[in-house]
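Visitor: For reference, the structure I am asking about is given below.
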Amino acid sequence: MDYKKLKQQYQTPFYIYDFDEVKQRFFALKEAFKARKAQIFYALKANSNLSLLKMLSELDSGFDCVSKNEIARALKVGAKPYKIIFSGVGKSEDELNFALENNILYINLESYAEMLLLEKIAKNMGKKARISVRVNPNVDAKTHPYISTGLKKDKFGVSIEEAKKIYLYASKAEFLEPVGVHFHIGSQLLNTAPIAEAASIVANLVKELKALKIELKFFDIGGGLGISYEKNEPEPNLYDYAQGILASLKGLDLSIGLEPGRFLVGKAGVLITSVLYEKQNEDKRFIIVDAAMNDLIRPSLYNAYHEIILPYSSGEISPCDVVGGICESGDFFAKDRALPSTKQGDIMLIKNAGAYGFSMSSNYNSRNKVCELALENGKIRLIRKRESFEDQIALELECLKG
Ligand code: LLP
């Protein structure tokens, strides 16, 4: 790829996503589950760019949404309501209303109280709400604590006992229809054994419910598949992942729901930035670039590793910190990384940034959000314009006048 030309045309920083790589990953995952009825519901939170969603929708992907606006984004690109599900620990009344009005496939409930609220809304609307319950199987995902969600101490889902209470109530309620069960034990799992363990616990619940004449249709295994951020880090084997799930479902007639986010888009995205300055503070070398933690917060927030490449710098290699220009020391992309010496304007690639990159970006330090590009069938196109100062202040300006 001619990054210099891209920089000339779009300026830096910007994100670029390889849509063909996303497609390949989508089909590889689908293939692994082909022995069963299975539906991929892409988790929008990883990257919710409309052009990406449109491309996935055209591949027949479904969508896992965690806010009203994520549902609205999916609908905007033509996703069918029966391919949309709604997850999240804190859905508001307005959001539940919206989901129900739009006849989405099902809502993943995370508490008894949420069920009661949904029942009330459904009754007012005169509609039956299709529900699934997010079970917390108390399994250790062995990933970063901020993105581990399947332990008793985590805020997510309900215990098996509480789930049974919800199913028993819902199965008798006129305006609720239990159709599925859901779990998601964490993100960036390189070892999928804990997911298989969770599946087996949740499958036992499905069997118990069956004995009580509560028949479910969907077995939603969440997302969580990890990707290799560091060179030579092995990615999970999709076949083993699928087999681990399928083994628990023997004798059960259920459709599998998958909610991958990172796995589909993480490796396909790069944040392109330019070197502003190099400096040496005592014996510490810094490369200061024009992207910052507001554009990609993963290193600051999780101490996450992102591979960095300087395709046009050939100077001597030595350790350095790669940092942004934001006024806090937590604003960094890499620490003690061996990189060549650079000069002003050199292009830098921060790799594997397609997931939780732009979607977690902010206007901190009043910086404009960057633009996004897509590479598809050998062609590059703009899929989000760079924000302008006017865009950024529009909502405040209105109030200033008033
Ligand atoms: N389903 C549910 C209910 C989730 O909570 C999540 C992610 C997913 C699916 C998608 O998980 P994935 O396949 O992407 O692992 N910002 C963090 C990741 C947070 C994940 C939150 N939940 C990061 O940058 O690593």
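Visitor: Test of the criteria: in the stretch 197-272, which GluC sites (Glu not before Pro) are in a DSSP loop and have at most 14 other Cβ atoms within 10 angstrom of their Cβ?
Guide: For GluC sites (Glu not before Pro) across the stretch 197-272 that sit outside H, G, I, E and B with at most 14 neighbouring Cβ atoms in 10 Å, the list reads Glu215, Glu230.
Visitor: State in Å² the accessible area per residue of the chain; use a 1.4 Å probe, count heavy atoms of protein chains only, and round to the nearest integer.
Guide: I get 45 Å² per residue for this part.
Visitor: On the accessible surface of the stretch 297-402, probed at 1.4 Å, how many percent belong to carbon and sulfur atoms?
Guide: 52 percent
Visitor: How high is the FRET efficiency between Asn303 and Leu212 when r is their beta carbon distance and R₀ equals 56 Å, given to the nearest 0.05?
Guide: 0.75
Visitor: What is the spin-label model distance, in nm, from Gln9 to Leu50 if the labels are put 7 Å beyond Cα along the C-beta direction?
Guide: Going by the 7 Å Cα→Cβ label model, 2.1 nm.
Visitor: To continue, here is another question. Not counting ligands, DNA or RNA, and with a 1.4 Å probe, what is Asp240's accessible surface area in Å² rounded to the nearest 10?
Guide: Answer for Asp240: close to 90 Å² accessible.
Visitor: Taking a 26 Å limit on the Cα-Cα distance, which of the listed pairs Lys7/Lys76; Lys128/Lys217; Lys30/Lys164; Lys45/Lys91; Lys54/Lys351; Lys155/Lys351 fall beyond it?
Guide: Lys7/Lys76; Lys30/Lys164; Lys155/Lys351
Visitor: Just how large is the dipole of the stretch 1-79 about the Cα centre, in debye to the nearest 20, putting +1 at every Lys and Arg Cβ and -1 at every Asp and Glu Cβ?
Guide: Computed charge dipole of the stretch 1-79: roughly 120 debye.
Visitor: How many percent of the alpha carbon pairs in the stretch 33-262 exceed a separation of 28 Å?
Guide: Percentage above 28 Å: 26.
Visitor: Let me ask you something else. Could you calculate the contour length gain from Asn363 to Asp94, that is, 0.36 nm times the residue separation minus the distance between their Cα atoms, to one decimal place in nm?
Guide: So the chain would gain 94.2 nm between Asn363 and Asp94.
Visitor: Where the centroid of each part is defined by its Cα atoms, how far is the stretch 193-236 from the stretch 263-291 in Å?
Guide: 37 Å
Visitor: How big is the chain by the Kirkwood estimate over distinct Cα pairs, in Å?
Guide: Radius from the Kirkwood sum: 22.6 Å.
Visitor: Now, a different point. Scan the chain and note any complete DSSP helix (H) whose C-alpha atoms cover at least 24 Å along its axis and whose Kyte-Doolittle average is 0.5 or more.
Guide: Long hydrophobic helices here: 193-211.
Visitor: Considering only His184, Leu59, Asn69, whose Cα is most displaced toward the positive end of the charge dipole of the chain, charges sitting on Cβ of Lys, Arg (+1) and Asp, Glu (-1)?
Guide: Leu59
Visitor: Now a separate question. Report the residue, chosen from Gly251, Gly354, Gly88, that carries the largest GNM mean-square fluctuation when the chain is represented by alpha-carbon nodes joined by springs under 10 Å.
Guide: Gly251
Visitor: Assign unit charges at the C-beta atoms only (+1 for Lys and Arg, -1 for Asp and Glu), then state the dipole size of the chain relative to its Cα centre in Debye, rounded to the nearest 20.
Guide: Using Cβ point charges on Lys, Arg, Asp and Glu, the chain gives about 1020 debye.
Visitor: Pull out the extension gain between Glu21 and Asn191, defined as 0.36 nm times the separation in residues minus the alpha carbon to alpha carbon distance; nm, one decimal.
Guide: 59.0 nm
Visitor: Work out Dmax and Rg for the stretch 13-60 from the C-alpha atoms and quote the Rg first, both in angstrom.
Guide: When restricted to the Cα atoms of the stretch 13-60, Rg and Dmax are 11.9, 43 Å.
Visitor: Please report, as a whole percent, how much of the solvent-accessible surface of the stretch 33-262 comes from carbon and sulfur atoms (probe radius 1.4 Å).
Guide: Result for the stretch 33-262: 51 percent of the exposed heavy-atom area is carbon or sulfur.
Visitor: Calculated FRET efficiency, Glu398 and Lys165, Cβ-Cβ r, R0 35 Å, to nearest 0.05?
Guide: So, using R0 = 35 Å, E works out to roughly 0.15.
Visitor: Another question, then. What is the distance, in nm, between label points placed 7 Å from the Cα along the Cα-to-Cβ direction at Asn138 and at Glu390?
Guide: Distance between the two pseudo-spin positions: 5.9 nm.
Visitor: If you don't mind, there's one more thing I want to ask. Looking at the stretch 122-204, which trypsin sites (Lys or Arg not before Pro) are DSSP coil and have at most 10 other C-beta atoms within 10 Å of their C-beta?
Guide: Listed in order of number, the matching sites are Lys152, Lys153, Lys155.
Visitor: Here's another thing I want to ask about it. If you build a Gaussian network model of the chain, linking Cα atoms that sit under 10 Å apart, which residue out of Pro13, Pro194, Pro319 swings the most?
Guide: Pro319
Visitor: On a 1.4 Å probe surface of the protein chains, which of Arg262, Arg386 comes out largest in accessible area, and what is the full order?
Guide: Accessible-area ranking of Arg262, Arg386, largest first: Arg386, Arg262.
Visitor: Could you tell me what % of all Cα pairs in the stretch 195-254 have separations over 14 Å?
Guide: 61 percent
Visitor: Obtain the nm distance between the two label points defined at Arg381 and Lys279 by a simple spin-label model: each point lies 7 Å from its Cα along the Cα-to-C-beta direction.
Guide: In this crude spin-label approximation the distance works out to 4.3 nm.
Visitor: If R0 is 22 Å, what FRET efficiency do you get for Glu31 and Ser255 from their C-beta distance, rounded to 0.05?
Guide: 0.85
The values are calculated or read from the model by the stated rules, or taken from the named source; none is laboratory data. If you're wondering where the values come from, they're calculated on a predicted model, not measured in any experiment. Note that each Cβ is placed from the backbone with ideal geometry, even for glycine, and that neighbours are counted across all protein chains shown. Ligands, DNA and RNA are stripped out before the accessible areas are found, and what is left, the full protein with its side chains, is counted by its heavy atoms. Shrake-Rupley method; radii C 1.70, N 1.55, O 1.52, S 1.80 Å.
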